[in-house]
Amino acid sequence: MELRTVIEERRSIRKFTEQKVERALLEELISESLWAPSAMNRQPWKYVILQDQALKKFMDYSAGTAEYMDTPLEKQNFNEKMRSFVKGYFRDLGGASTAVVCLYQSSVDPVVEHGNLVSGAAAFYNFLLLAHEAGLATCWMTGYLYNKESLSRLLGLEGYGLVGVTPVGLPAQEPPVPPRKPDKVEWRTE
Ligand SMILES: Cc1cc2nc3c(=O)[nH]c(=O)nc-3n(C[C@H](O)[C@H](O)[C@H](O)COP(=O)(O)O)c2cc1C
């Protein structure tokens, strides 16, 4: 698949088949994603892969987080149907059998903190694209930050911040393509 096709056709998928992703494939994709650039070459990322009992514990936490979503969703003027869809997704992660968590090393220095976060995001986005190319589906999620303390307790995140969580599996839906907004580029010549 051409790179531009991978970029354009990757979608956030919120419904997965029951089929479990092979560990060897996940290892390969994650390892490949680490070719991302990083600030001062610190390579400040860390992945945690959740399956089986670990995923179950995470799902319990995730279901609890659904309640924290009401206010932010209301602020986005989502109607009741949309709110209940998003909350339902937090409850079951679309039926995926694997969740991949991407973290970055936190720093008290705001420049290092920013550099580490965006370096982690570069690696994580690589992973989402590689997964799509391999026929897998993902959905980058950061809504968990509304329930950060519990996440930190559950995963033992001392010294790390969250880049994102994504369920990984085979897609069981083909969602509509959310159009991209215009006027996001400004050219300056003087
Ligand atoms: C940083 C980031 C955080 C996101 N957090 C969530 C989330 O918490 N829950 C969710 O359902 N989708 C989440 N998304 C997915 C976006 O809703 C999705 O990328 C957007 O609607 C565009 O759709 P597309 O990914 O299919 O192009 C997140 C995406 C990004 C990049």
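The set of residues in region 16-54 being assigned to a loop (DSSP other than H, G, I, E, B) and over 19 Å from Asp92 (Cβ atoms) consists of Glu22, Leu34, Trp35, Ala36, Pro37, Ser38, Arg42, Gln43, Pro44. The residue that is nearest to the ligand (Cβ to nearest atom), among those in region 78-105 that are crowded, with 17+ Cβ neighbours inside 10 Å and of a type in the set (Gly, Ala, Ser), is Gly94.
Say whether the condition of being part of a strand (DSSP E or B) and either modelled with pLDDT of 95 or more or touching a strand residue (DSSP E or B) at 6+ places or on another chain (Cβ under 9 Å) (or both) is met by at least one residue in region 111-122.
Here is the first cut: in region 111-122, the residues part of a strand (DSSP E or B) are none.
Looking for residues that are part of a strand (DSSP E or B) and either modelled with pLDDT of 95 or more or touching a strand residue (DSSP E or B) at 6+ places or on another chain (Cβ under 9 Å) (or both), one finds none in region 111-122, hence no.
The residues of region 125-154 that are closer than 20 Å to Leu26 by Cβ, assigned to a loop (DSSP other than H, G, I, E, B) and touching a strand residue (DSSP E or B) at 6+ places or on another chain (Cβ under 9 Å), listed by number, are Gly135, Leu136, Cys139, Trp140.
Filtering region 68-77 to residues that are touching a Phe, Trp or Tyr at 6+ places or on another chain (Cβ under 9 Å), surrounded by 12 or more Cβ atoms within 10 Å (Cβ to Cβ) and over 18 Å from Thr166 (Cβ atoms) leaves Tyr68, Pro72. Per the conditions (1) out of contact with any Asp or Glu (no Cβ under 7 Å at 6 or more places or on another chain); (2) more than 16 Å from the ligand (Cβ to nearest atom), the sole criterion not satisfied by Met1 is (1). With the condition kept exactly as written, say whether any residue in region 55-62 is assigned to a helix (DSSP H, G or I), closer than 18 Å to Leu170 by Cβ and in contact with a Ser or Thr (Cβ under 8 Å, 6 or more places away or on another chain). The answer is yes, given that some residue of region 55-62 is assigned to a helix (DSSP H, G or I), closer than 18 Å to Leu170 by Cβ and in contact with a Ser or Thr (Cβ under 8 Å, 6 or more places away or on another chain). State the number of residues belonging to region 155-190 that are modelled with pLDDT of 95 or more, closer than 27 Å to Tyr104 by Cβ and either outside any loop (DSSP other than H, G, I, E, B) or more than 16 Å from the ligand (Cβ to nearest atom) (or both). Summing the residues that are modelled with pLDDT of 95 or more, closer than 27 Å to Tyr104 by Cβ and either outside any loop (DSSP other than H, G, I, E, B) or more than 16 Å from the ligand (Cβ to nearest atom) (or both) in region 155-190 gives 11.
Of the residues Gln105, Gln53, the single one that is of a type in the set (S, T, N, Q) and within 19 Å of the chain's Cα centre (by Cα) is Gln105.
The values are calculated or read from the model by the stated rules, or taken from the named source; none is laboratory data. Everything numeric here is computed off the predicted structure, so don't read it as measured data. Cβ atoms come from the backbone with ideal geometry, glycine included; neighbour counts cover every protein chain shown.
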